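This report refers to the structure that appears directly beneath it.
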Amino acid sequence: MKITFLGGGNMANALIGGLVKTGFAASDIAVIELGAQGRARLRVAYGVRCYEAASAAALDCDALLLSVKPQQMREACPPLLPFLRQQLVISIAAGLRLADVSRWLGGYGRIVRAMPNTPALIGAGVTGLCAMAAVSMAERLGAERILQAVGSTLWIADEEKMDAVTAISGSGPAYVFLFIEALQQAAGELGLTPAQARQLSIDTVLGAARLASQSDEAACVLRERVTSKGGTTEAALRTMEQRCVKEGFIAGVLAANSRGRELGELLGQDG
Ligand SMILES: NC(=O)C1=CN([C@@H]2O[C@H](COP(=O)(O)OP(=O)(O)OC[C@H]3O[C@@H](n4cnc5c(N)ncnc54)[C@H](O)[C@@H]3O)[C@@H](O)[C@H]2O)C=CC1
Ligand SMILES: O=C(O)[C@@H]1CCC=N1
């Protein structure tokens, strides 16, 4: 399968890196990227073909993955039109609705909306997928094959829920990195070295995530098991509760969901 990316930024780099690491031939991957530096980085890092603009050669592919920012999509679509034949189009833009991307692509119907995340770079991503009605089963499987090469996938029947997927797993790595940052900062304040802080915080997140994934028990039960009566965890959780950490966290995720919907509404009105 030949894949072309439109936009070679952060997420395209994560997906391309993951695809190449899991055995996709770099010669089957092309990127259309406006920035000369971005193209040079992609060529050096992964050996993929890079183009400055759409052309028959750039769009000689089975799947075209739209990985420009939501605000860049409407302008980026028309130059693709002369070269769209039967390719499956996959848009990973946050918020943008299938109907709007389809309209910007002259009513093209073979479009899957996907929401991956950056752990795709190491094959540990998770992607929500949602397809237009005209996308065939074989094409759905094609989209799944690309994203499963870099992690797990799940289908979302109701497109409105793609904003929730974005808020949970698309943006999710940032919340985890913030948590790691906070643990490391606290470790520093407690006199641990940066190397000790790094090992302790990252191994704790990895271990807890693996335990949660391999356990049949709910996260709250696993949390209670760490929390001894009158002990240290209880003291930590009580202080966090007083500071409304959980409420603040949930409010943040809901804000991401609202921003996705808002982006879709705002940009969808735009032509
Ligand atoms: N960064 C992330 O963790 C995730 C991002 N996404 C989505 O992926 C898309 C890209 O996000 P990032 O990679 O973070 O943004 P980015 O800004 O790093 O990458 C976008 C790239 O597109 C290029 N570009 C813009 N217009 C172009 C055009 N007309 N033709 C060719 N190249 C063009 C820019 O030069 C830039 O390199 C967004 O729509 C975002 O919502 C989805 C999931 C996760
Ligand atoms: O922050 C954003 O808008 C993108 C979508 C999900 C992760 N990054």
Legend entry - Over the stretch 3-162, relative contact order from alpha-carbon pairs under 8 Å, at least 6 apart, %: 22 percent
Inset, instruction - Please report, in debye to the nearest 20, how large the charge dipole of the stretch 31-184 is about its Cα centre when each Lys and Arg carries +1 at its beta carbon and each Asp and Glu carries -1 there. - result: 300 debye
Legend entry - Simple spin-label estimate for residue 226 and residue 174 in nanometres, 7 Å along Cα-Cβ: 2.4 nm
Inset, instruction - Quote to one decimal, in nm, the extra length available between residue 240 and residue 85 on full extension: 0.36 nm per residue of separation minus the C-alpha distance between them. - result: 50.3 nm
Inset, instruction - Taking DSSP loops as anything outside H, G, I, E and B, show the longest stretch in the chain free of GluC sites (Glu not before Pro) there with at most 16 other beta carbons within 10 Å. - result: 53-216
Inset, instruction - Given the options 70, 79, 116, state which has the largest fluctuation in a GNM of the chain using a 10 Å cut-off (strictly under) for Cα springs. - result: 79
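About its Cα centre, how strong a charge dipole does the chain have in debye, to the nearest 20, once Lys and Arg get +1 and Asp and Glu get -1 at the Cβ? List each step's numbers first, then the result.
On the way: 26 positive and 25 negative charges, 86 e Å.
That gives the chain a dipole magnitude of about 420 debye.
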Inset, instruction - Positive end of the charge dipole of the chain (Lys, Arg +1 and Asp, Glu -1 on Cβ, about the Cα centre): tell me which of 8, 94, 47 has its Cα farthest that way. - result: 47
Inset, instruction - Please go through the stretch 142-229 and write out the trypsin sites (Lys or Arg not before Pro) that DSSP classes as loop and that have at most 15 other C-beta atoms within 10 Å. - result: 229
Inset, instruction - Mind jotting down the distance between the C-alpha centroids of the stretch 69-96 and the stretch 182-208, whole Å? - result: 41 Å
Inset, instruction - Note the angle between two axes, namely the Cα long axis of helix 232-242 and the longest principal axis of the Cα atoms of the chain, as a number of degrees from 0 to 90, rounded to the nearest 10. - result: 60 degrees
Inset, instruction - Between 250, 111, 156, find the one with the highest GNM mean-square fluctuation for the chain; connect C-alpha pairs within less than 10 Å. - result: 250
Inset, instruction - Would you mind telling me which residue in 191, 170, 252 has the biggest mean-square fluctuation in a Gaussian network model of the chain, where springs connect alpha carbons within a distance under 10 angstrom? - result: 191
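Read-outs throughout are calculated quantities, based only on the coordinates presented, and are distinct from any laboratory measurement. Predicted model only: the values in this text are computed from it and were never measured. Every residue, glycine as well, gets a Cβ built from its backbone with ideal geometry; the counts of neighbours run over all protein chains shown.
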